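Accompanying notes for the structure given below.
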Amino acid sequence: MFRTFGHKDIFVLDGGLPDWRAKGYNVESSTSLDLLSKISKASEVVKKTYKGEQVGASSFRAVYQPDLVWSLEQVQANINDANRVLVDARSKARFEGTVPEPRKGIRGGHVPGSKCVPFNEVLRDGKTLLEKEVLRSKFEDAGVPLLSPIVASCGTGVTACILALALHRLGKNDVAVYDGSWTEWGGLSETPVATHSG
C-alpha cells in the first residue's frame, strides 16, 4: 500500500509485534507526548480532508503508482494477451472451486490461466516469510515463471499483498495487485471461470 502511493523506504517487521515480543525484544508501553501530539494533528487532517476542508502543507507528496494496482479490465485483457502471470493467494481448494467461497453469491474457481500459491505456504508457522530459496521453489513449483511480470490476487486484495511481499524478497519490485480480486471477479456472471488447476 505504501509503495502504491510513492513511499520508497518501506520496511516490514517480519513476524510483526507478536514475534518481536516472543523473541524478548524491548517494547514501550507508554506513548510520548510528542507522538500523541503528532497523532492528534494527523487525526485532525483526516477529519478536515473527509469534510473537504483545506489542510496545511505536507512534507510528503503522494504519487500514485498505477502499475502496482490492476483492474478487472486489465485482468480480462491479460487472459488473451498473457503479458503477466496472475498468481492467486487463496487456498488450492478455493482456487479449484472444490469448496464454496466464504462470501455469498461468489462463484468458485479461478481466473483462466492463473496460478495458485496459497499465501500461508510462503509463511513459516503463519508468521514470518520463508527463506529466499524456499520461496523461489514455492513459486517455481506452482508454475510461476519468476522472470515474467506478475500480478497477485486473492479473495479481497489483502493476502495478495503477502505474495507481493514474498516476491519482493525475491527481487521482484514491480508486482501488481488485482485490487478487486476474486470477490469482484467471482461475483460477476460474465467473467470466465476455470475450476481446474491452471
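When the stretch 131-165 is filtered for residues that are over 10 Å from the mean Cα position of the chain (by Cα) and under 12 Å from F119 (Cα atoms), the ones remaining, listed by number, are L135, K138, F139, G155. The C-beta contact set for the stretch 134-146 (first residue of a type in the set (V, I, T), second residue in a loop (DSSP other than H, G, I, E, B) and buried (at least 17 other Cβ atoms within 10 Å of the Cβ), distance under 9 angstrom, 6+ apart or interchain) comprises V144/V117. Listed by first and then second residue, the pairs linking a residue in the stretch 61-88 that is more than 27 Å from N120 (Cβ to Cβ) to a residue that is among the polar types (S, T, N, Q) and modelled with pLDDT of 95 or more, with Cβ atoms under 8 Å apart and 6 or more places separating them unless they lie on different chains, are Q76/T191. When the test is whether a residue is out of contact with any Leu (no Cβ under 9 Å at 6 or more places or on another chain), open to solvent by 30 Å² or more (accessible area, probe 1.4 Å), under 26 Å from L13 (Cα atoms) and among the aliphatic types (A, V, I, L, M), V134 passes it.
Okay, residues lined up against (1) modelled with pLDDT of 95 or more; (2) open to solvent by less than 10 Å² (accessible area, probe 1.4 Å); (3) basic (K, R):
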site	(1), (2), (3)
D141	yes, no, no
P145	yes, no, no
S153	yes, yes, no
L163	yes, yes, no
N173	no, no, no
H196	no, no, no
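For the stretch 140-198, the set of residues classified as in contact with a helix residue (DSSP H, G or I) (Cβ under 8 Å, 6 or more places away or on another chain) and part of a strand (DSSP E or B) consists of I150, V151, A152, S153, A176, V177, Y178, listed by residue number.
Could you check, for the stretch 127-146, whether at least one of its residues is in contact with a Lys or Arg (Cβ under 8 Å, 6 or more places away or on another chain) and within 17 Å of V75 (Cβ to Cβ)? The answer is yes, given that some residue of the stretch 127-146 is in contact with a Lys or Arg (Cβ under 8 Å, 6 or more places away or on another chain) and within 17 Å of V75 (Cβ to Cβ).
The values are calculated or read from the model by the stated rules, or taken from the named source; none is laboratory data. Nothing here was measured: the structure is a model prediction, and the numbers come from that model. Don't worry about glycine lacking a Cβ; one is built from the backbone with ideal geometry, like all the others, and counts go over all protein chains shown. Just the protein is used for accessible areas: all its heavy atoms, side chains included, with ligands, DNA and RNA removed. Shrake-Rupley method; radii C 1.70, N 1.55, O 1.52, S 1.80 Å.
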